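Before any comments, here is the structure.
The values are calculated or read from the model by the stated rules, or taken from the named source; none is laboratory data. Computed from a prediction, not measured in an experiment: that's the story for all the values here. When we count neighbours, we look across all protein chains shown, and the Cβ atoms used for this are built from the backbone with ideal geometry, even at glycine.
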């Protein structure tokens, strides 16, 4: 059995516990068995390539990114117990009232963190993938009431644990806080070590697990660790745009996800984790590809319906092009987006409503709200 780390005594809440300190990457004694993941890696890379190609079916890749990033934000937050739904998120963005405000805030915070990391990576003068960049993302992720006492943007200065009611009966105790900076520095060096011969997806799997093992923050480790996956896929040009929502697969197989993470520490089973991760990438990429095809089909059918209508005009055409990134809205928002008058905006919405493309939500004569319900249903499937 391969050993993947050692233990150090850590004292917290008056208890002395055995905290796990992982060895640096890549795994050694023995090294990873390449024959165990060659085919799985090929299939995962092929699925990502197909996903990149099929994005051309939709006139605007921004439409796809709008929904894909929000689905990832929602699903990665749901893994941690957040109860917000996609409709909640769209309602919040439209300025409508939502009941579970704090849960929606956590999802929108993830979106902010994601945008920050992506913008820094794409800016020639920005930060590369680094501890500093992850801390900056973490600061946004924990912004607000729930994260106030959990050191947003800072590496933990105290011992944490996972599972159990106290450190002594925890399922897992991560490294002592004083070891965290050096462990993350080693992880950052591995990310940027171009001499590694391992495939990029395999390295991504190793890095995600190592980050979760270090558990460097008091809260938000799972979400930042999964955000890191998306960043690495772009860093290594495996997926030029974040069209895949891997957290959907991880949420669906959450028990297996946690079991594979644990088995690396307890049994040295890096191969089992890498196999699970590669399968997840292939399945998630295929699901995203199918979703794009279905969404493209809906949009094409509704566009044909609109073009065939004698009542349609420039304002209704422009409104239709906005719908994939504004699936819940009111008349005033349409007026602002189109830069037109209220009667013109109202008439444009009326055309789409009469065609059955959008539906009115309130049943009122004034202050009405609308939904592109068929589109939202496809995204939520």
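Cβ-Cβ contacts under 9 Å between residues 6 or more apart (or on different chains), taken from a first residue in the range 114-130 that is surrounded by fewer than 11 Cβ atoms within 10 Å (Cβ to Cβ) to a second residue that is part of a helix (DSSP H, G or I), are listed as 122/234. Of everything in the range 134-155 that is surrounded by fewer than 20 Cβ atoms within 10 Å (Cβ to Cβ) and under 13 Å from residue 216 (Cβ atoms), the residue that is modelled with the lowest pLDDT is 150.
Do the conditions hold for residue 163, that is, is it over 24 Å from the mean Cα position of the chain (by Cα) and more than 19 Å from residue 133 (Cα to Cα)? It would help to see each step written out before you state the result.
Details: over 24 Å from the mean Cα position of the chain (by Cα): no; more than 19 Å from residue 133 (Cα to Cα): yes.
Judged against the criteria, residue 163 is not a match.
Has the range 330-349 got any residue that is in a strand (DSSP E or B) and either touching a residue at least 24 places away in the same chain (Cβ under 8 Å) or surrounded by fewer than 20 Cβ atoms within 10 Å (Cβ to Cβ) (or both)? Yes, that holds for at least one residue.
In the range 30-50 there is at least one residue matching the filter, namely being buried (at least 21 other Cβ atoms within 10 Å of the Cβ) and not in a helix (DSSP H, G or I). Taking residue 82, is it touching a residue at least 24 places away in the same chain (Cβ under 8 Å) and in a helix (DSSP H, G or I)? Taking the combined requirement at face value, the residue does not satisfy it. If you filter the range 357-381 down to residues that are within 23 Å of residue 248 (Cα to Cα) and modelled with pLDDT under 90, you find that the one that is surrounded by the fewest Cβ atoms within 10 Å (Cβ to Cβ) is 381.
For residue 98, are the conditions met, namely being without any contact (Cβ under 8 Å) to a residue 24 or more places away in the chain, in contact with a helix residue (DSSP H, G or I) (Cβ under 7 Å, 6 or more places away or on another chain), assigned by TED's automatic domain parsing to the domain that holds residue 152 and not in a strand (DSSP E or B)? Quick ask: steps written out before the conclusion?
Values: without any contact (Cβ under 8 Å) to a residue 24 or more places away in the chain: yes; in contact with a helix residue (DSSP H, G or I) (Cβ under 7 Å, 6 or more places away or on another chain): yes; assigned by TED's automatic domain parsing to the domain that holds residue 152: yes; not in a strand (DSSP E or B): yes.
So residue 98 passes the test.
Determine which single condition residue 251 fails, assuming it passes every other condition in (1) surrounded by fewer than 20 Cβ atoms within 10 Å (Cβ to Cβ); (2) over 17 Å from the mean Cα position of the chain (by Cα); (3) in a helix (DSSP H, G or I); (4) in contact (Cβ under 8 Å) with a residue 40 or more places away in the chain. Only one criterion is unmet by residue 251, namely (2).
Comparison of 55, 19 shows that the only residue that is modelled with pLDDT under 90 and either crowded, with 18+ Cβ neighbours inside 10 Å or assigned to a strand (DSSP E or B) (or both) is 55.
Only a single item in (1) closer than 20 Å to residue 81 by Cβ; (2) touching a strand residue (DSSP E or B) at 6+ places or on another chain (Cβ under 8 Å) is not met by residue 150, and it is number (2).
Residues satisfying the criterion are present in the range 259-275 (criterion: surrounded by fewer than 22 Cβ atoms within 10 Å (Cβ to Cβ), part of a loop (DSSP other than H, G, I, E, B) and in the same structural domain as residue 123 (by TED's automatic domain parsing)).
For the range 30-44, the candidate set comprises residues that are touching a residue at least 60 places away in the same chain (Cβ under 8 Å) and more than 19 Å from the chain's Cα centre (by Cα); within that set, the residue that is nearest to residue 3 (Cα to Cα) is 32.
In the set (1) within 25 Å of residue 288 (Cβ to Cβ); (2) under 18 Å from the mean Cα position of the chain (by Cα), the condition left unmet by residue 143 is number (1). Quick check on residue 72: is it in contact with a helix residue (DSSP H, G or I) (Cβ under 9 Å, 6 or more places away or on another chain), over 25 Å from residue 204 (Cβ atoms) and touching a residue at least 12 places away in the same chain (Cβ under 8 Å)? Answer is no for this residue. Within the range 313-329, residues that are in contact (Cβ under 8 Å) with a residue 40 or more places away in the chain sit with their Cβ atoms under 6 Å from residues that are assigned to a loop (DSSP other than H, G, I, E, B), at 6+ positions apart or across chains, in these pairs: 323/372; 327/372. Selection of first residues in the range 290-302 that are touching a residue at least 24 places away in the same chain (Cβ under 8 Å) and at negative phi and of second residues that are outside any helix (DSSP H, G or I) and loosely packed, with under 13 Cβ neighbours inside 10 Å, restricted to Cβ pairs under 9 Å at least 6 apart or on distinct chains, gives the following pairs, ordered by first then second residue: 291/381; 294/381; 302/356.
Of the residues in the range 279-295, none is closer than 30 Å to residue 21 by Cβ and over 20 Å from the mean Cα position of the chain (by Cα). Test residue 300 against the criterion of being part of a helix (DSSP H, G or I), outside the structural domain of residue 174 (by TED's automatic domain parsing) and exposed (fewer than 15 other Cβ atoms within 10 Å of the Cβ), and give yes or no. Spelling it out, residue 300 is indeed part of a helix (DSSP H, G or I), outside the structural domain of residue 174 (by TED's automatic domain parsing) and exposed (fewer than 15 other Cβ atoms within 10 Å of the Cβ). The test for being crowded, with 20+ Cβ neighbours inside 10 Å, without any contact (Cβ under 8 Å) to a residue 60 or more places away in the chain and either not assigned by TED's automatic domain parsing to the domain that holds residue 374 or not in a helix (DSSP H, G or I) (or both) does not hold for residue 91.
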